[in-house]
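Asker: This structure is in structure tokens; I'll ask about it shortly.
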Amino acid sequence: QVQLVESGGGLVQPGGSLRLTCAASGNIFSINTMGWYRQAPGKQRELVARITSGGSANYADSVKGRLTISRDNGKNTVYLQMNSLKLEDTAVYYCNADRIRTVRGVFYDYWGQGTQVTVSS
């Protein structure tokens with residue numbers, strides 16, 4: 001069974017940093033694009049950043065220059081380094097994998113359970 005497990009969320013002061021990690025497991029051969037999304041209370045889920053298996057990344061305008069996405073294909077893991085955090089970054093952050101190839105076949109649009117990031121003074 002494929003699983004995406006996020007970790008690294010928490011409470012941080014404005015201007016602080018956090019590093020989120022999302023590890024995929026389940027006899028995986030390869031993962032296409034992995035990404036981070038977030039959902040704040042009362043708002044729709046939105047894209048934060050995503051990265052292809054080749055390392056090409058794109059970001060939401062609101063996080064450019066502050067958040068950096070990276071991945072380790074050998075570990076089936078994606079990271080989100082979050083610097084200069086703002087109050088408006090407070091949200092539940094979700095990991096996504098758009099296509100996962102495993103010994104059991106191909107799975108599409110997989111989500112993790114989410115990790116809370118709270119930016120507060």
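The values are calculated or read from the model by the stated rules, or taken from the named source; none is laboratory data. Quick caveat: nothing in here was measured; it's all calculated off a predicted structure. Methodologically, a virtual Cβ is constructed for each residue, glycine included, from the backbone with ideal geometry; neighbour enumeration extends over all protein chains shown. Quick note on the areas: whole protein, heavy atoms, side chains included, nothing else; ligands and nucleic acids left out. Shrake-Rupley method; radii C 1.70, N 1.55, O 1.52, S 1.80 Å.
Asker: I'd like the residue in segment 70-121 that is farther than 13 Å from THR33 by Cα and assigned to a helix (DSSP H, G or I) and, out of all such residues, is least open to solvent (accessible area, probe 1.4 Å).
Answerer: Only one residue fits best here, namely ASP89.
Asker: List every residue pair whose Cβ atoms lie under 8 Å apart, where the two residues are 6 or more positions apart in sequence or sit on different chains, the first residue falls within segment 1-16 and is under 19 Å from ALA97 (Cα atoms), and the second residue, located anywhere, is of a type in the set (D, E, K, R).
Answerer: GLY8/ARG19
Asker: Further question: Just a yes or no: is a residue in segment 49-56 touching a residue at least 12 places away in the same chain (Cβ under 8 Å), part of a strand (DSSP E or B) and open to solvent by 20 Å² or more (accessible area, probe 1.4 Å)? Give the derivation first.
Answerer: Quick first cut of segment 49-56, residues touching a residue at least 12 places away in the same chain (Cβ under 8 Å) only: 49-53, 55.
When the remaining residues are screened for being part of a strand (DSSP E or B), the result is 49-51.
With open to solvent by 20 Å² or more (accessible area, probe 1.4 Å) added as a condition, the list becomes 50.
Yes, segment 49-56 contains a residue that is touching a residue at least 12 places away in the same chain (Cβ under 8 Å), part of a strand (DSSP E or B) and open to solvent by 20 Å² or more (accessible area, probe 1.4 Å).
Asker: Go through (1) over 24 Å from GLY15 (Cβ atoms); (2) in contact (Cβ under 8 Å) with a residue 24 or more places away in the chain; (3) open to solvent by 70 Å² or more (accessible area, probe 1.4 Å) and name the single condition GLY42 misses.
Answerer: Failed condition: (2).
Asker: So is ASN32 closer than 30 Å to GLY105 by Cβ and either exposed (fewer than 15 other Cβ atoms within 10 Å of the Cβ) or free of Cβ contacts under 8 Å to residues at least 60 places away in the same chain (or both) or not? Walk me through how you get there before you give the answer.
Answerer: Details: closer than 30 Å to GLY105 by Cβ: yes; either exposed (fewer than 15 other Cβ atoms within 10 Å of the Cβ) or free of Cβ contacts under 8 Å to residues at least 60 places away in the same chain (or both): yes.
Taking the combined requirement at face value, the residue satisfies it.
Asker: With respect to GLY9, determine if the residue is touching a Ser or Thr at 6+ places or on another chain (Cβ under 8 Å) and either farther than 20 Å from VAL106 by Cα or not hydroxyl-bearing (Ser, Thr, Tyr) (or both). Can you show your working first?
Answerer: On the way: touching a Ser or Thr at 6+ places or on another chain (Cβ under 8 Å): yes; either farther than 20 Å from VAL106 by Cα or not hydroxyl-bearing (Ser, Thr, Tyr) (or both): yes.
Judged against the criteria, GLY9 is a match.
Asker: I've got another one for you. Considering (1) within 16 Å of GLY112 (Cα to Cα); (2) at pLDDT 95 or above, say which one SER70 fails and leave the rest.
Answerer: (1)
Asker: OK, next. For residues that are in a strand (DSSP E or B), within 20 Å of ASN76 (Cβ to Cβ) and small (Gly, Ala, Ser), scanning just segment 9-30, find the one that is farthest from the chain's Cα centre (by Cα). Explain how you work it out, then say what you get.
Answerer: Pass one, segment 9-30, residues in a strand (DSSP E or B): 10-12, 18-25, 28-30.
Adding the requirement that they be within 20 Å of ASN76 (Cβ to Cβ) leaves 19-25, 28-30.
After this cut, where a residue has to be small (Gly, Ala, Ser) as well, the list is 23-25, 30.
Working: ALA23: 10, ALA24: 11, SER25: 15, SER30: 17 Å.
So the residue we want is SER30.
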